[in-house]
Each structure stands twice: as structure tokens, then as C-alpha cells.
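Written out below as C-alpha cells is the structure these notes cover.
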Amino acid sequence: MTAPIETTGSAAGAQPEAVLAGAPKSQIEGRSLTQIAWLRFKRDKVAVAGGIVVILLILLAVLAKPIEAVFGLDPNEFHQDLIDPSLLAPKDAWGGMSWEHPLGVDPQYGRDILARIIEGSWVSLLVATGATLLSVVIGTVLGVVAGFYGGWADTVISRTMDTFLAFPLLLFAISISAALQDGAFGLSGLPLRISVLIFVIGFFNWPYMGRIVRAQTLSLREREFVEASRSLGARGTFILFRELLPNLVAPILVYSTLLIPTNILFEAALSFLSVGIAPPQASWGGMLSQATDLYQADPQYMFVPGLAIFITVLAFNLLGDGLRDALDPRSK
């Protein structure tokens, strides 16, 4: 027989290794999934820079009207004295840049380009954000239903997605926008055009979100926590709203961030084709459209709105990539 092992008083009262090492409390505390994702996101300096630019752009769009009022900026005020009528170009060099007009003036009417860029920011972000929200709502609801219930519901919704994806979206958007320019649904002018753009872009882009949500739902519905809920007698609606949707927040958030710049480009394309935001309302796509006839006399007028679109789209894409890496535990 082996002799029993005696436990000394000092061994019995031994402290955990972390305490013996004098480790600070902050080093042994657990972290939530949100804290882990935030730490991963902060390590990506490029994504952080993109997030800062996105925040500044959102603030610029939200505060566009107050900024114009405080600094006395009028995006539709003509300054014909700054334009050479024979050349349709600003009299001063560099597109008419000066202390009064830091980004120059419109080569046709002498309107301040900085004021029009600020004015166009809220239009682009409003249309892109509204269309993204519409796509997310429709795509999430139908994607979750198709992935969770399967059967005939999955078949009908999947075939509907295929039908929408087969539409020539640009041509369809052009035809709808052109047909509703005069007035519809009790709206007219700028509110009507913004509403039509949000509906057209958002309603016909939901299948992309729907496919992603459906694929994630098909994977999640076979997980152990869903089976445990079923075994405890949970109903389908409870599992959908309490088990599946919280686990779908991360991919929905990431794809939404990546969908916004796509919608910004779509709105700019429609405005460039003169079926989006109509003059005199400033929009980045509309400024590019006007610059196509004047770029030889004043190349800067095309460069400034193009740069605004480029920076905005790049910032949202960098932010989306950073969120995807931060929220995906399998990424490195």
C-alpha cells in the first residue's frame, strides 16, 4: 500500500499562481465578445483611419445646413464676375481658388465648389443610408425565413432572389426615375427624387443581403444552442428572434458597411445620367455630369467631386474590412 500523501499547512493554504506572481487584476479579468472585437479593431490602424473619416463625413452631412449658415456659404449663389464668359472658366488660376473660395468656383456660373460639396454630402449619404436600411430590412427578414424554415418557403424566396438579380438594375432604375420625375405619391421635387432613389436602389439590392443572411441562417440552425432551444420546447419565433438574429448582427453590420459605398456610387451614377438628383440641388454625381462639358477649360471642377466620392467610398470600404476582421474570430 502506498502511504497517504500528507498536505502541509503551507500547501493547503497556497494561493493561485496568478496571485503569487502578483499579476494585476486587469490582466486576469475576462473580456466580453464586444471588448475582444474592439481590441481587434483598434489594432487595425487603416480601419481606424477609415472609421474616423466616416465619422467626419457623417458629421459633415448632418451639419451641412448649420455649417452653410454659420460660414455664409450658399451653394446656389452665382459669382459671374469670377468667370470668363468667352472661355467658360474661372478668371483666376487653379479653378478660381482663393480665401473666399478654397476649392474654386463653378466654371459656368461661379458657384462655390466647397459649398456644393458640403451640400451634396448629405444627399449622397441620405440616399445611400436609406437604401441600405431598406435592403437590410427586406433581405434580413426574407433571408432568415428562407434559411430557418426551408422547404417551399426557401424555394419561393430563393427563386424571387434569382428573379431580382436577373433584372438589368441600372436600366430599370433609369426608367423608373425618369417616369416619376414630375410627381407621384403626393411628393414632388427633391423629396420625390430622394424617395425614388432610396426605393429603387434599396428594393432591388435586397437579394444580396438576403443570400448572405440565408447562408448564415442555414449554418446557425444546426448549431447546438438551437437544438437545445428546440429540446426545451422553444417555438420558431422565439428561436428566430432570441437565438438566430443576435448571432446575425455581425455579418449584417459588416455587409451593410460595405453596401453603403456601393449605393453612393449608384446614386452618383444616376445623377450623372440626369435621372437622379436634379439641378440646382447640388450632388456629387450631378457635378461630375456638368464637368464633362467643361473639363478641358477647368479640369479641377471634375477632380474635386470625383475626389469626394473616392474618399467616401474608400473610407467605408476600409471600415467594412476592419469590422469584418474584428468580428470574425477565425480571421488573423
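The values are calculated or read from the model by the stated rules, or taken from the named source; none is laboratory data. Here the structure is a predicted model, which means the values were calculated and not measured. Cβ atoms come from the backbone with ideal geometry, glycine included; neighbour counts cover every protein chain shown. Accessible surface is based on the protein model in full, side chains and every heavy atom, while ligands, DNA and RNA are left aside. Shrake-Rupley method; radii C 1.70, N 1.55, O 1.52, S 1.80 Å.
Could you say whether any residue in region 99-117 is among the acidic types (Asp, Glu) and either open to solvent by 80 Å² or more (accessible area, probe 1.4 Å) or over 32 Å from the mean Cα position of the chain (by Cα) (or both)? Yes, that holds for at least one residue.
Quick check, is ALA228 touching a strand residue (DSSP E or B) at 6+ places or on another chain (Cβ under 6 Å), at pLDDT below 85 and open to solvent by 20 Å² or more (accessible area, probe 1.4 Å)? Full working, then the answer.
Working: touching a strand residue (DSSP E or B) at 6+ places or on another chain (Cβ under 6 Å): no; at pLDDT below 85: yes; open to solvent by 20 Å² or more (accessible area, probe 1.4 Å): yes.
Answer is no for this residue.
Summed over region 240-261, residues that are buried (at least 17 other Cβ atoms within 10 Å of the Cβ) and either without any contact (Cβ under 8 Å) to a residue 12 or more places away in the chain or in contact with a strand residue (DSSP E or B) (Cβ under 8 Å, 6 or more places away or on another chain) (or both) total 0. Of the helices (runs of 4 or more DSSP H) that lie entirely inside region 92-168, those containing 2 or more residues that are among the β-branched types (Val, Ile, Thr) span 113-149, 151-166.
Take residues that are over 24 Å from the mean Cα position of the chain (by Cα) and β-branched (Val, Ile, Thr) and tell me which of the helices (runs of 4 or more DSSP H) falling wholly in region 197-311 contain 1 or more.
On the way: elements: 206-220, 224-231, 245-272, 284-291.
So the answer is 224-231.
Filtered by the rule that a residue be open to solvent by 60 Å² or more (accessible area, probe 1.4 Å) and closer than 13 Å to ILE117 by Cβ, region 72-98 gives no residues. Taken together, the residues in region 68-87 that are in contact (Cβ under 8 Å) with a residue 12 or more places away in the chain, part of a loop (DSSP other than H, G, I, E, B) and farther than 13 Å from ARG111 by Cα amount to 1.
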